[in-house]
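To start, the structure under review is shown below, and the notes come after it.
The values are calculated or read from the model by the stated rules, or taken from the named source; none is laboratory data. Remember, predicted model here, so these are calculated numbers, not experimental data. Neighbour counts run over all protein chains shown; Cβ positions are idealised from the backbone, glycine included. Protein only, heavy atoms only, side chains kept; ligands, DNA and RNA dropped before computing areas. Shrake-Rupley method; radii C 1.70, N 1.55, O 1.52, S 1.80 Å.
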Amino acid sequence: MMELHELIRKRLSEEKEVAGLVTRFHESPAIFTPKAPADEDEGWGGLPCYPRITFGVDLSVKEERKCQGSMSLTVSAENNGTFDFENAVSQIKKCLCSVLFTPEGGSAYCLAWNCSGGFTAGEANIGSQEMQLDILEYPCQLSVEPDPVDSLNTWLKGNFPKSRVLWMDQPGQEEVITDGTPVFYVRLEEEKENQAQSTFAVTWMTCTLAVHVLCESAENRSCYTRIMAKNLSVEEEFAMLDGSPFFVKEISVTPGADYLRTGQVRITGQYGVLRHTERKKTIREIQSNYQ
């Protein structure tokens with residue numbers, strides 16, 4: 001079972017454009033977490049200790065949807081003008097930022113580019129380029145029936161059969177996000193009872209669902225986003241898994257929104273939950289002295 005940092009290292013090591021940037025340690029790409037071995041370690045096998053990559057993953061709870069954690073990565077090489085740090089940053093960003101990582105038994109994660117830090121010249125003529133990435137979590141949103149998230153997932157799969165719908169489609173440990181196979185992620189943003197509409201028989205729930213549309217290009221993200229919103233606007237409802245309707249009251253689309261952090265679509269609507277059958281109380285042990 002591989003953890004998140006192991007999946008990231010595997011991805012970096014197997015990507016030829018990234019692995020080709022660094023030297024070798026024990027015949028493997030010199031990519032380390034959280035720190036590199038000593039320069040005197042026998043694992044270098046007489047090869048230069050640079051260029052190399054070190055990174056660290058910090059998973060901690062942040063503000064809702066801002067980020068689940070952070071990752072810092074440093075590329076170090078001899079500062080003699082022969083190593084292209086700008087190209088290294090570009091290749092690493094391309095390698096990591098369009099991939100879903102899913103440790104076994106855990107949530108799915110995606111890395112979002114934050115910034116490229118400053119270049120520093122250290123001792124022994126070694127230069128370092130730092131990079132910062134945010135770690136976004138996409139946990140399973142399933143709850144108890146009736147579940148609007150699971151129901152919208154089913155509607156999305158029916159309308160976009162070639163897509164991947166988290167968590168209706170179980171993600172692999174490493175999935176590259178492409179234009180040919182869009183990935184949809186639905187999460188419950190808010191849910192509350194509408195007491196003004198609730199009756200003796202039905203409790204009416206009002207909820208807002210956020211939808212993330214993940215594609216490689218902005219053009220395709222916008223296209224799928226608008227098609228989804230238009231179809232829902234025309235149908236005005238989708239079926240819950242118990243057969244009852246979810247009435248779509250409002251759809252807001254922001255094609256240029258951050259698709260990893262906030263999602264591009266907000267769907268607000270209502271669905272009903274049947275109240276439990278009234279419990280009938282049985283009178284027991286009646287005593288009477290009537291004559």
Under 5 Å, built H, 5+ apart or other chain: amide partners of Glu189: Thr208, Leu209, Ala210
Of all accessible heavy-atom area on the chain, the percent that carbon and sulfur account for (1.4 Å): 48 percent
For Val202, distant residues with modelled amide H under 5 Å away: Arg275
Intensity falloff of the stretch 42-189 expressed as log10 I(q)/I(0), Debye formula with alpha-carbon point scatterers, at q = 0.12 Å⁻¹: -0.65
Compactness of the stretch 128-204 as Cα Rg over 2.2 N^0.38 Å, two decimals: 1.54
Summed side-chain charge close to Leu241 - residues other than Leu241 whose Cβ falls under 12 Å, Lys, Arg +1, Asp, Glu -1: -4
For the stretch 108-167, size of Cβ-based charge dipole, Lys and Arg +1, Asp and Glu -1, in debye: 360 debye
Where the chain is the region considered: accessible area per residue in Å², 1.4 Å probe: 56 Å²
Principal semi-axes in Å for the stretch 179-276 [√(5λ), Cα gyration tensor, largest first]: 29, 13, 11
Lys/Arg +1, Asp/Glu -1 at C-beta; the stretch 144-224 dipole; positive extreme among Ser198, Asn159, Gln170: Asn159
Where Glu27, Glu219 fall by accessible area, highest first, once all protein chains stay in place (1.4 Å): Glu27, Glu219
Sum of -39500 (n - 2.57) over DSSP H runs of 4+, divided by residues of the chain (222 nm, nearest 500): -6000 deg cm²/dmol
Val273/Glu6 FRET efficiency (R0 25 Å; Cβ-Cβ; nearest 0.05): 0.05
Spacing of the two label points (7 Å from each Cα toward its C-beta) at Ser217 and Glu27, in nm: 4.2 nm
Relative intensity, log₁₀ I(q)/I(0), of the stretch 1-101 from a Debye sum that treats every alpha carbon as a point, q = 0.12 Å⁻¹: -0.43
Rh by Kirkwood over Cα pairs, then Stokes-Einstein D for the chain at 1.002 mPa s and 20 °C, µm²/s: 96 µm²/s
Cβ-defined net charge surrounding Ser163, 13 Å radius [Lys, Arg +1; Asp, Glu -1]: +1
